[in-house]
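What follows is a set of notes on a single structure, which appears directly below.
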Amino acid sequence: MIDTFLQQAAENRPVYICDVRNGFQARGTRPLHLYVTLYDRSIRVFPLSLPETTGEEQAHFVASYVHASLYNILSTLGAVRVDVYLDKADPSLWSLACNLPRVFQVDEAKERRTGYGKCLNVNERVLNALFRGEVRFSLQPHDLSQAPVLPERPSAPAAVPVFHRLPALTKGKMLLGMDVGGTDVKLSVSVDGALVLCKEFDWFPSAYTRAEELTAPLLLLVRLLRAAGSLCRAGRAEQIDQRALDRSATLEEMRRGAEAMERDAGTDLCLFDGIGLSFPDVVIQNRVVGGETHKTQGLRNNSQLNYEAQFAQITALNEALAAYVVPGGPVRVINDGPMAAFAAAVEQGAGGADLSRGFFAHTLGTDLGTGWVRPDGSIPDIPLELYNMIIDLGSWGQRKFEPEDARSIRNFNTQLPGSLQRYASQSGAFRLAADRLPRQAPEVFQAALDRGLFRWEGARLAVPAEPEDMRKPCLEFLMEQAAQPGDGICQEIFREIGEYLAVVWRETNFILRPEAQTRSLFGRLVMHPACFQLICQGAARREPELRLLAADGNLANTALMRQLDQRPGCTVAQFAQAVGALYYSVSR
């Protein structure tokens, strides 16, 4: 069994972790049970079984499976502690378990952690946010005979879905919704339950080396939309500086526009009644606490400044935003994945859908975002960093490329191979294209090179981000190719992305055990109907029962989302989270 996986990996084929788990659980004879104490002090047990191994290569593969499994659990759920129970009389397995604290660098400082240890940086910041430094993570092995018998937890009473109540709460208020992404920021303003403004701003946060470069544009956008929204609320929309609201407006043009509209508004200038913010990082209790995403790579790499002090300014973003909200008004911040799920749940609720099982969604953009919302509208305080989840233990030929190479399967931040960031995302489409097109569709690859969508930088193949950011044009090119008649390699690229999503579905069911089984998809990768259908085809190859829904105009059931769907230059797939953030701002 192990040799079959090793052969697949050596042939540069994926070896999905869920397939390895299925094989090991069915035929393994060596128990290794993970008792994970979660942030709420409950304990979740993951009873793994491992096979006997022969030789170093097999032992290394089994160890990589254990490391990836624990890493996925920590990246998804987080933990106060992890206790590992196994047969102490099994020397090689006991050695593997005793080595886990070193692999995950439990005792290292945050700035010294690499690879698997990166998830503990996030976990440590979450623990500090929840327990104010009084709790420290631990990871310890124990003999299986000491494993506690846990009482069965009583089933929680069925929650009453609240999503359908939220649209009415936007009445009589001026609200701001913000969706912060890796390549752009989208904003929406509602006044008395009507969508009056949408704004898009392109940026490249991973290149920023100071926190102010990230926070200042966001606060300027809020100031700009506050001034424009005030004019709308006063019935003076004709005085809005449309140039400042244009997508191509510079920071200076937006600053001048905000100042001019503030002067024009005069006594009509008012504060927002609430702000909802979707941010691409781990968020706990309305504070950004992750700090290990690609978006803050420039800050982390700036050796001239203390990263923790810089990131603290991002953590305090909710406090800075409060200056633009009425006293006591809500500033509600959440990760972009849960925001996508929340937005979709509100629309489904307005359409009469049964949300008694909650809602689960993915955003397929610069990274893969994931959102899980319970039926009562609450969002679990867990990292849910699925873009870091390792799904592929194979594809060894693509491990040799550095993370900045489009062909690499290595995570940009952790450098670990096989993570979702390079599979079910924009980067996944680039990787598959960079790997397949030169060999299987050279004329298409040459066309991409001629347009500057790919660029050779010595031996490295890249999608240029400067002097002009070609990431969006490159994805649009691949989507256009996939939408053409026939069955070419670009169609298969999007089918493979669907296959990866099916693996994610299986892995999230294993770790999170959500009742909701349908997955709604947001983002640029599902904007084109043909590409979405290809993704569905790929998912069905592995998991025929998995149901995927595209967050397009068919999801527009509330008044605000219907107005968005009819707004020129805006699509539900692009702006749904910004509108969903309006509803999130008034939720409790």
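Things worth noting here:
- Inclusion of Val162 among residues that are out of contact with any Asp or Glu (no Cβ under 9 Å at 6 or more places or on another chain) and touching a residue at least 40 places away in the same chain (Cβ under 8 Å) is not warranted.
- Restricting the range 80-89 to residues that are assigned to a loop (DSSP other than H, G, I, E, B) and touching a Lys or Arg at 6+ places or on another chain (Cβ under 8 Å), the residue that is surrounded by the fewest Cβ atoms within 10 Å (Cβ to Cβ): Asp87
- If you go through the range 276-311 and keep only what is open to solvent by 50 Å² or more (accessible area, probe 1.4 Å) and within 18 Å of Leu218 (Cα to Cα), you end up with just Arg287.
- Lone qualifier among Arg562, Arg547, Arg519 - being under 22 Å from Gly349 (Cα atoms) and touching a His at 6+ places or on another chain (Cβ under 8 Å): Arg519
- Residue selected from the range 376-392 under the condition open to solvent by 20 Å² or more (accessible area, probe 1.4 Å) and more than 9 Å from the chain's Cα centre (by Cα), by the criterion nearest to His67 (Cα to Cα): Ile382
- Subset of the range 333-351 that is open to solvent by less than 10 Å² (accessible area, probe 1.4 Å) and farther than 26 Å from Thr315 by Cα - its residue that is nearest to the chain's Cα centre (by Cα): Ala344
- Filter pass, Ser92 being more than 30 Å from Glu134 (Cα to Cα) and assigned to a helix (DSSP H, G or I): yes
- Residue within the range 158-166 that is crowded, with 21+ Cβ neighbours inside 10 Å and among the β-branched types (Val, Ile, Thr) present: no
- Restricting the range 195-214 to residues that are under 20 Å from the mean Cα position of the chain (by Cα) and part of a helix (DSSP H, G or I), the residue that is surrounded by the fewest Cβ atoms within 10 Å (Cβ to Cβ): Ala207
- 3 or more residues surrounded by 15 or more Cβ atoms within 10 Å (Cβ to Cβ) and in contact (Cβ under 8 Å) with a residue 12 or more places away in the chain: qualifying strands (runs of 3 or more DSSP E) within the range 447-524: 519-522
- Matching residues, the range 47-79, being among the small types (Gly, Ala, Ser), open to solvent by 10 Å² or more (accessible area, probe 1.4 Å) and not in a strand (DSSP E or B): Gly55, Ala59, Ala63, Ser64
- The number of residues in the range 222-257 being part of a loop (DSSP other than H, G, I, E, B) and touching a strand residue (DSSP E or B) at 6+ places or on another chain (Cβ under 7 Å) comes to 1.
- Extreme residue, nearest to Asn509 (Cα to Cα), among residues of the range 546-568 that are touching a residue at least 24 places away in the same chain (Cβ under 8 Å) and in a loop (DSSP other than H, G, I, E, B): Leu546
The values are calculated or read from the model by the stated rules, or taken from the named source; none is laboratory data. None of these values were measured; they are calculated from a predicted model. Using ideal geometry, Cβ is built from the backbone for each residue, glycine included, and neighbour counts are taken over all protein chains shown. With ligands, DNA and RNA removed, areas are computed over all heavy atoms of the protein, side chains included. Shrake-Rupley method; radii C 1.70, N 1.55, O 1.52, S 1.80 Å.
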